[in-house]
Amino acid sequence: LLTDHGPVVAPRAVANIVTLHDVRFLHGYGGMLRSLYARTRYGRVLRSAAAVLAVGPSLAAEAQARWSLEPNRVVSIPNAVSPTFVPLGTSVRAGALVVSREEPRKARGAAVAAANEAGVPLTIVDTVRDDGVLCARYAAARWLLAPSLLEGYGLTVAEALACGTPVIATDHAAHRDIERLGARGIIFVPAPRQAASGWVWPEAVAALRGPTPTDIRPPPQTWDDAARAIADVILRTH
């Protein structure tokens, strides 16, 4: 499991299956030591694995190209949305919502700047872990803002769509994956930029002032689909 929560496990003489959630450190998001560690160890572990499970198609393609992995050893198994996330029939939706931690690649300040410029109230969620509470936050918002500059898979985007909330999202590969997998209701805009005065995201400002999409739905895959796909990989490699 390649994460930022601990060291990468050394390769062993068994059929390892590795899950890959993102490659943030390889894109400069993180400290120098973390980035160096990722560059020296990730490739070794991935090339030794019997299979690499990536949480989205674009992440799978990047891993395959970056480390010259055999195509049949890299499998895209997209994240799914908990069944808790459903439209709640909220009669009045207002304002915008951003659900993210405060870290450079998330560009949360861009959502704040865009909402302020558009004159739209913004709710920031970064600590809620209860799905029911989070679903209520999604369902009360007119928009979800997803300004992140890099993702492995935009799970908050899929969750918002499952709650009937349209999304204004940075136009990058991981967010596009969600639409390619069957989602509707995302407006893609260029990435926010940093200026002397802070973040600027004019395209999101224009979208916030415009109409919301009427066709809103999440990708169709479920966690049962993901579990079956993982089981298939285990049976094939062991």
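The values are calculated or read from the model by the stated rules, or taken from the named source; none is laboratory data. Every value quoted in this text rests on a predicted model; they were computed, and no experiment measured them. Cβ placement follows ideal geometry from the backbone for every residue including glycine, while neighbour counts extend to all protein chains displayed. Protein only, heavy atoms only, side chains kept; ligands, DNA and RNA dropped before computing areas. Shrake-Rupley method; radii C 1.70, N 1.55, O 1.52, S 1.80 Å.
Would you mention how many residues in segment 218-228 are in a helix (DSSP H, G or I) and surrounded by 11 or more Cβ atoms within 10 Å (Cβ to Cβ)?
The total comes to 5.
Regarding segment 136-151, can at least one residue be identified that is closer than 25 Å to Phe25 by Cβ, of a type in the set (Gly, Ala, Ser), crowded, with 17+ Cβ neighbours inside 10 Å and modelled with pLDDT of 95 or more?
Looking through segment 136-151, at least one residue is closer than 25 Å to Phe25 by Cβ, of a type in the set (Gly, Ala, Ser), crowded, with 17+ Cβ neighbours inside 10 Å and modelled with pLDDT of 95 or more.
So, of the residues in segment 160-169 that are part of a helix (DSSP H, G or I) and either out of contact with any Gly (no Cβ under 6 Å at 6 or more places or on another chain) or not hydrophobic (A, V, I, L, M, F, W, C) (or both), which turns out to be farthest from Ser82 (Cα to Cα)? Steps first, answer last, please.
Step one: list which residues in segment 160-169 are part of a helix (DSSP H, G or I), which gives 160-162.
Narrowing further to those that are either out of contact with any Gly (no Cβ under 6 Å at 6 or more places or on another chain) or not hydrophobic (A, V, I, L, M, F, W, C) (or both): 160, 162.
On the way: Ala160: 11, Ala162: 9 Å.
This residue is Ala160.
Do the conditions hold for Asp215, that is, is it under 19 Å from Ser58 (Cβ atoms) and open to solvent by 60 Å² or more (accessible area, probe 1.4 Å)? Explain how you work it out, then say what you get.
Values: under 19 Å from Ser58 (Cβ atoms): no; open to solvent by 60 Å² or more (accessible area, probe 1.4 Å): yes.
So Asp215 fails the test.
So, restricting to strands (runs of 3 or more DSSP E) that lie completely within segment 170-210, which ones have at least 3 residues that are surrounded by 18 or more Cβ atoms within 10 Å (Cβ to Cβ)? Lay out the reasoning, then the answer.
Working: elements: 186-189, 193-195, 198-200.
Where strands (runs of 3 or more DSSP E) fall fully within segment 170-210 and carry at least 3 residues being surrounded by 18 or more Cβ atoms within 10 Å (Cβ to Cβ), they are 186-189.
If a residue has to be closer than 15 Å to Leu150 by Cβ and of a type in the set (A, V, I, L, M, F, W, C) to count, how many in segment 13-57 make the cut?
Looking only at that region, the number is 7.
Would you mind telling me which numbered condition in (1) out of contact with any strand residue (DSSP E or B) (no Cβ under 6 Å at 6 or more places or on another chain); (2) within 29 Å of Gly119 (Cβ to Cβ); (3) in contact (Cβ under 8 Å) with a residue 60 or more places away in the chain; (4) not β-branched (Val, Ile, Thr) Ala204 fails?
Of everything listed in (1) out of contact with any strand residue (DSSP E or B) (no Cβ under 6 Å at 6 or more places or on another chain); (2) within 29 Å of Gly119 (Cβ to Cβ); (3) in contact (Cβ under 8 Å) with a residue 60 or more places away in the chain; (4) not β-branched (Val, Ile, Thr), Ala204 misses just condition (1).
Filter segment 33-47 down to residues that are hydrophobic (A, V, I, L, M, F, W, C) and within 16 Å of Glu70 (Cβ to Cβ) and give me whichever is surrounded by the fewest Cβ atoms within 10 Å (Cβ to Cβ). Break it down stepwise before answering.
Filtering segment 33-47 down to residues hydrophobic (A, V, I, L, M, F, W, C) leaves 33, 36, 38, 45-46.
Pick out the ones that are also within 16 Å of Glu70 (Cβ to Cβ) and you get 45-46.
Values: Val45: 19, Leu46: 23.
Out of the qualifying residues, it is Val45.
Looking only at residues in segment 91-135 that are among the hydroxyl-bearing types (Ser, Thr, Tyr) and over 15 Å from Glu159 (Cβ atoms), which one is modelled with the lowest pLDDT? Before you say what the answer is, go through the steps one by one.
Within segment 91-135, the first condition is being among the hydroxyl-bearing types (Ser, Thr, Tyr), and the residues that meet it are 91, 100, 123, 127.
Narrowing further to those that are over 15 Å from Glu159 (Cβ atoms): 91, 127.
Numbers: Ser91: 67, Thr127: 82.
Filtering segment 91-135 for residues that are among the hydroxyl-bearing types (Ser, Thr, Tyr) and over 15 Å from Glu159 (Cβ atoms), the one modelled with the lowest pLDDT comes out as Ser91.
Can you name the condition, by its number, that Trp67 falls short on among (1) touching a residue at least 40 places away in the same chain (Cβ under 8 Å); (2) of a type in the set (A, V, I, L, M, F, W, C); (3) open to solvent by less than 50 Å² (accessible area, probe 1.4 Å)?
(1)
Just checking, does segment 124-135 include any residue being more than 24 Å from His21 (Cα to Cα) and in contact (Cβ under 8 Å) with a residue 24 or more places away in the chain?
Here is the first cut: in segment 124-135, the ones more than 24 Å from His21 (Cα to Cα) are 132-133.
Next, from what is left, pick out any that are in contact (Cβ under 8 Å) with a residue 24 or more places away in the chain: 132.
Yes, segment 124-135 has at least one match.
Please enumerate the residues belonging to segment 84-95 that are in contact (Cβ under 8 Å) with a residue 12 or more places away in the chain and either within 30 Å of Glu62 (Cβ to Cβ) or polar (S, T, N, Q) (or both).
Selection gives Thr84, Phe85, Thr90.
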